[in-house]
Amino acid sequence: MERRIGVYVCHCGLNIAATVDPKEVAESAASLNGVVLARDYMFMCSDPGQELILKDIKEHKLDRVVVAACSPLMHEHTFRRVCREAGINPYFLEIANIREHCSWVHDDGATEKAKELVRAAVMKAYYDEPLETSEVAINPNTLVVGGGIAGIQAALDIADAGYKVYLVEREPSIGGHMIQLDKTFPTLDCSACILTPKMSDVGSHPNIDLLSYSEVEEVSGSIGEFRVKVRRKARYVDENKCTGCGLCMDECRLKGRITSEFDLGLGMRSAIYTPFAQAVPNKPVIDPEHCLMLKTGKCGKEGPKCVEVCGPEAIDFEQKDTYLELDVGSIILATGYDQQDPSAVPQYGYGKFDNVISGLEFERLSNAAGPTEGQIMLKNGQTPESVAIIHCVGSRDKNFHEYCSRVCCMYALKFAHLIREKTNAEVYQMYIDMRCFGEGYEEFYERLSTEDGIMFIRGKASQVTDRAQTEEEKGKLTVCVEDTLLGKFIRVPVDMVILCDALEPRADTEEMAKVFSIGRRADGFFMERHVKLDPISTLNDGIFIAGCCEGPKDIPDTVAQAKAAASEVLSLLARGSVEIEPIVASVDEEVCIGCGLCEKMCVYGALSLAEPEGVMTVNEALCKGCGACSGICPSGAMSLSHFTYRQILGQVEAFSSY
Amino acid sequence: MEVANPLSEVSEAIIEAGGEALKSCYQCGLCTASCPWNLVRSFLTRRLIHESQIGLLDLGSEEVWLCATCGACVERCPRGVEIIDIFKALRGIGTQWGVTPKTVKIAMGGILTSGNPWQEEREKRADWAKDLDIKAFTQGTELLYYPCCTPAYDRRARRIALATVDILKKAGVDFGILGPEENCCGESARKLGEEDIFQSLAKGNIDAFKRHEVKRVLVSSPHCYHTFKNEYPDLGGDFEVVHITQFLMELIEDGRIKPEKPFPKKVTYHDPCYLGRHNKVYEEPRKVLESIPELELIELPDSREEAVCCGGGGGRIWMETKKEERFSDLRIEQALEVGAEVLAICCPYCMLNFDDSLLNMGKEDVLEIKDISELVNEVI
């Protein structure tokens, strides 16, 4: 086999050249079998660098190209484009990663290793085969999962551009955590006031199909042609008939007797309910755990009052869960976060002391539409005279979550402001570092620092106790802390303690990651494709993430990410189709014995046994080219294009021949 | 004016001596606020760590020797800083500089010459067992009972070893002792920065255990338990270690002993730091106590992970603690506060400290200090 291979060794400034001698690497490559020219150049990725390859391919009739430079994640597509422009198959390009895998991690011997990496890449290129990409049309419909501020914003942006969106929300209403908040930092505008207009827009948008009280159960297919199975949970209320008058909720025999999830147990609701007044859709659901009819088949002597008062006869106790199959081209996950249960940090006494509350509970207390109509009060109804706010509860803590939850410093400042506005209580902020980095945040910190009655104590509290040591501490909760700026251990008696508990991944994140075939980071949140340069995409093409499912963030960042996710989707829709990488598995039907091992290994569900012959078949649309099947195949029937046995063994041979 | 410049040489020396952990500290002060010293006097753990970080530390300061290695700070530290390692390193350097407290020097001298910190003769190590007809451990004996230097030599703590032996006999356990062949386990020596002494003690014990083919060791002290279980394996120790409270639980569950006689008293239990926080053994001692008929077990206000140290760990047992600064006094107060008649313990150091406090406070008529082995021995 005659080959005409060109080798290009990049200096990458000093990134490579500081430890690797590119000239020496090029010289060594020049003598390899099939190599007709080998050059080194300062920046291969620059325009002149690309030109150089283009010109060489034409002038020297090169049929394979090896670029020894940075990771293929950076510039593989650049040089494939150059090959295509020069008229050779783009899969005749090989990258030898002599930066991340070599120059950055070695001092001595880096040049020798670079030579070997190049030798292996040349061998691979020698055996490379031409591959053709295929095109997939993008279905114009989009699925958005999660109806918090992120999902709402992304859905509206896509719908406003004229495309259909299915918005799936697990709860009876959209709104997410944001609708539970009182005021929002640093501008102190009312959370509901700025969110409800967007919620109503979603509810009435002709391009948005709002599937509330629904969950995604299965996802199959790939970019451009996903198929999604959605379970619509039985509402026991016919959404089409219900007018949202609310009479049923008022008449329910259990009115005011069931703790409200929305108010975190601080308020009560009926068995038929909407979680809050401005719910979208404004259609109640019946809670089967409590509803007397659903539980016992009986409701009072005269039968269920909700049925009696419902003019349009919307109540339907016979309703069952239903399933919907949706075809969509792309998916945005905006599934949000969970608030860590503060009782996981036992030393602060949450669950033990009545007046130790979580941050979100404070939001409900302070909210005019909340259970106390916005009055900040202790469990006994009295107004607190002093409040401690403990920062970093479960965040920045290796025992729980190592990351910073990013919003607590700012909402703690906001709490202090609200407390001072509504009560005369003294407020103590027990913080480690104040992190006030967003627009207007530092200014808000300064404003709060100058307000009366707010004291900052730099130190992480060790415990909250009700065991008084002094007269002042009697009947109070005492927070023990070192004021690290004073260098003094102090005890601070207060009436109320607010814990800034961590934002953590949803309890079902792992399950969801499986359903959508995307990865998770070590901290548990969904993993982005690249932390800096591709923060919205996931490793599953066509699936994007926005908001707190990708990690804790504030409202401005969440909205920005949601808009970015919408723009990713719209860019796909504008193109109309995508190129699909031809790197997929294939079966040699002559050799396959149908043992099924590879099917078990395939996490994408791309393999299935074709009966009755008992030979494996590959669904190329699902195959991600990971190679697990060809690795496990005992007979060698499974192979992965662009990583065939011959190509891989060629590389191994190149290493071992050294 | 005196000018302070950071001294990287000092911080490097601390790091080299094993204090690497100090680098992770972000100065939140949780350690200070968790430290029992701040119940009796000011002691800023956090500041000491920062002084170590920048090398501006007074190695001759008394503070270097205060830490009782109770682990309350380590338990909660958000950065997972092994604060005890920092103190070990500081003390190691302090020892090189010759600033070790005098009483520590005496105890370490005793260990060097006769394998125990009580300046007693090695040959007298088994004197406590003289008339008890206990066999010397020989190859094939099921269990080695290792009483710890304190019950072996200290007259007050001896009652722990006596009760234990009584129980073992009643249960028909095949056990023996090594007597003068034993060394101190070395826990305190190591925490006092005397790494070389620790290594030689450990080597002596490991060799003796190997020579006699010891498979299982029963200990009375959580300090021996911790050292044998967590530190000896790195040095070649290969044997199972069981604390007396775990062993009692085992004997009760197997029906080899039966707590039958009623003990109609209010008993509270003090978690020793090296059994609780350091080894997470919280349940067995409580279960053993609960198995005693008519015994009413009440919890101290600070228990389990939150338990307040008696003050005897980390070599503090060999140092003088001012009368008004003893944690054990606070613990006795807590026991009295919950109305206990007996304070149950299971560590020889706790016994010494609580016995002292009880006498000093004049509360010996209202509260008794009893090792769990004593309690069990009374009811079977």
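The values are calculated or read from the model by the stated rules, or taken from the named source; none is laboratory data. Not measured: the values here are computed from a predicted model. Reconstructed Cβ throughout: ideal geometry from the backbone, glycine too, with neighbour counts over all protein chains shown.
Data table
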quantity: Qualifying helices (runs of 4 or more DSSP H) (wholly inside segment A:580-658; at least 2 residues being assigned by TED's automatic domain parsing to the domain that holds A:Glu218 and modelled with pLDDT of 90 or more); calculated: none
quantity: Matching entry among B:Val214, B:Val173 (being surrounded by fewer than 19 Cβ atoms within 10 Å (Cβ to Cβ), outside the structural domain of B:Lys287 (by TED's automatic domain parsing) and assigned to a loop (DSSP other than H, G, I, E, B)); calculated: B:Val173
quantity: Residue match in segment B:256-270 (condition: at pLDDT 95 or above, surrounded by fewer than 19 Cβ atoms within 10 Å (Cβ to Cβ) and within 26 Å of B:Gly140 (Cβ to Cβ)); calculated: yes
quantity: Criterion (more than 21 Å from A:Ala277 (Cα to Cα) and crowded, with 21+ Cβ neighbours inside 10 Å) met by exactly one of A:Val237, A:Val216; calculated: A:Val216
quantity: Residues of segment B:311-328 classified as without any contact (Cβ under 8 Å) to a residue 60 or more places away in the chain and either buried (at least 24 other Cβ atoms within 10 Å of the Cβ) or not assigned by TED's automatic domain parsing to the domain that holds B:Met351 (or both), total; calculated: 1
quantity: A:Ala513 touching a Gly at 6+ places or on another chain (Cβ under 8 Å) and over 18 Å from A:Arg396 (Cα atoms); calculated: yes
quantity: Which numbered condition B:Lys266 misses (of (1) over 16 Å from the mean Cα position of the chain (by Cα); (2) within 14 Å of chain A (Cβ to nearest Cβ)); calculated: (2)
quantity: Looking only at segment B:84-138, and only at residues there that are basic (Lys, Arg) and not in a helix (DSSP H, G or I), the one that is modelled with the lowest pLDDT; calculated: B:Lys130
quantity: Breaking point among (1) in contact with a helix residue (DSSP H, G or I) (Cβ under 9 Å, 6 or more places away or on another chain); (2) more than 14 Å from chain B (Cβ to nearest Cβ); (3) in a loop (DSSP other than H, G, I, E, B), for A:Ala412; calculated: (3)
quantity: When residues of segment A:481-499 are limited to those that are in contact with a helix residue (DSSP H, G or I) (Cβ under 8 Å, 6 or more places away or on another chain) and not hydrophobic (A, V, I, L, M, F, W, C), the one farthest from A:Lys352 (Cα to Cα); calculated: A:Gly487
quantity: Every residue from segment A:108-159 that is among the polar types (S, T, N, Q) and more than 27 Å from A:Glu2 (Cβ to Cβ); calculated: A:Thr111, A:Ser134, A:Asn139, A:Asn141, A:Thr142, A:Gln153
quantity: The lone exception for A:Arg364 - which of (1) without any contact (Cβ under 8 Å) to a residue 40 or more places away in the chain; (2) touching a helix residue (DSSP H, G or I) at 6+ places or on another chain (Cβ under 8 Å) it fails; calculated: (1)
quantity: Meets criteria (away from every other protein chain (no Cβ under 14 Å) and either touching a Pro at 6+ places or on another chain (Cβ under 6 Å) or closer than 21 Å to A:Arg491 by Cα (or both)) for A:Ala388; calculated: no
quantity: Segment B:175-196 residues that are over 18 Å from B:Ile14 (Cβ atoms), paired with ones that are basic (Lys, Arg) (beta carbon under 7 Å, 6 or more apart); calculated: B:Gly176/B:Lys135; B:Gly179/B:Arg125; B:Pro180/B:Arg122; B:Pro180/B:Arg125; B:Glu182/B:Arg125
quantity: Residues within segment A:490-535 that are among the basic types (Lys, Arg) and over 12 Å from the mean Cα position of the chain (by Cα), tallied; calculated: 3
quantity: Qualifying residue in segment B:177-197 (condition: in the same structural domain as B:Tyr225 (by TED's automatic domain parsing) and over 23 Å from the mean Cα position of the chain (by Cα)); calculated: no
quantity: Residues of segment B:357-366 classified as surrounded by fewer than 18 Cβ atoms within 10 Å (Cβ to Cβ) and either closer than 14 Å to B:Asp329 by Cα or in the same structural domain as B:Ala171 (by TED's automatic domain parsing) (or both), total; calculated: 6
quantity: Strands (runs of 3 or more DSSP E) contained entirely in segment B:223-337, each with at least 3 residues that are farther than 30 Å from B:Leu192 by Cβ; calculated: B:266-269, B:296-298
quantity: Qualifying position, being in contact with a Gly (Cβ under 8 Å, 6 or more places away or on another chain) and within 14 Å of chain B (Cβ to nearest Cβ), among A:Ala334, A:Ala344, A:Ala368; calculated: A:Ala344
quantity: Strands (runs of 3 or more DSSP E) (entirely within segment A:421-538) containing at least 2 residues that are touching a residue at least 12 places away in the same chain (Cβ under 8 Å) and away from every other protein chain (no Cβ under 14 Å); calculated: A:426-431, A:454-458, A:488-494, A:496-501, A:503-505
quantity: Test result for A:Ile57, in contact with an Asp or Glu (Cβ under 7 Å, 6 or more places away or on another chain) and surrounded by 15 or more Cβ atoms within 10 Å (Cβ to Cβ); calculated: no
quantity: Matching residues in segment B:1-30 - criterion: being part of a loop (DSSP other than H, G, I, E, B), surrounded by fewer than 19 Cβ atoms within 10 Å (Cβ to Cβ) and not small (Gly, Ala, Ser); calculated: B:Met1, B:Glu2, B:Val3, B:Asn5, B:Pro6, B:Leu7, B:Tyr26
quantity: Among (1) part of a helix (DSSP H, G or I); (2) crowded, with 21+ Cβ neighbours inside 10 Å; (3) hydroxyl-bearing (Ser, Thr, Tyr), the one test that A:Tyr8 misses; calculated: (1)
quantity: Looking only at segment B:25-38, and only at residues there that are in contact with a helix residue (DSSP H, G or I) (Cβ under 6 Å, 6 or more places away or on another chain) and closer than 14 Å to B:Cys70 by Cβ, the one that is farthest from the other protein chains (Cβ to nearest Cβ); calculated: B:Pro36
quantity: Unique residue being crowded, with 18+ Cβ neighbours inside 10 Å and either at pLDDT 95 or above or of a type in the set (Gly, Ala, Ser) (or both) when the list is A:Tyr323, A:Tyr350; calculated: A:Tyr350
quantity: Search result, residues across segment B:280-302 that are closer than 14 Å to B:Gln246 by Cβ and out of contact with any Pro (no Cβ under 7 Å at 6 or more places or on another chain); calculated: B:Lys280, B:Val281, B:Tyr282, B:Glu283, B:Glu284, B:Pro285, B:Arg286, B:Lys287, B:Val288, B:Leu289
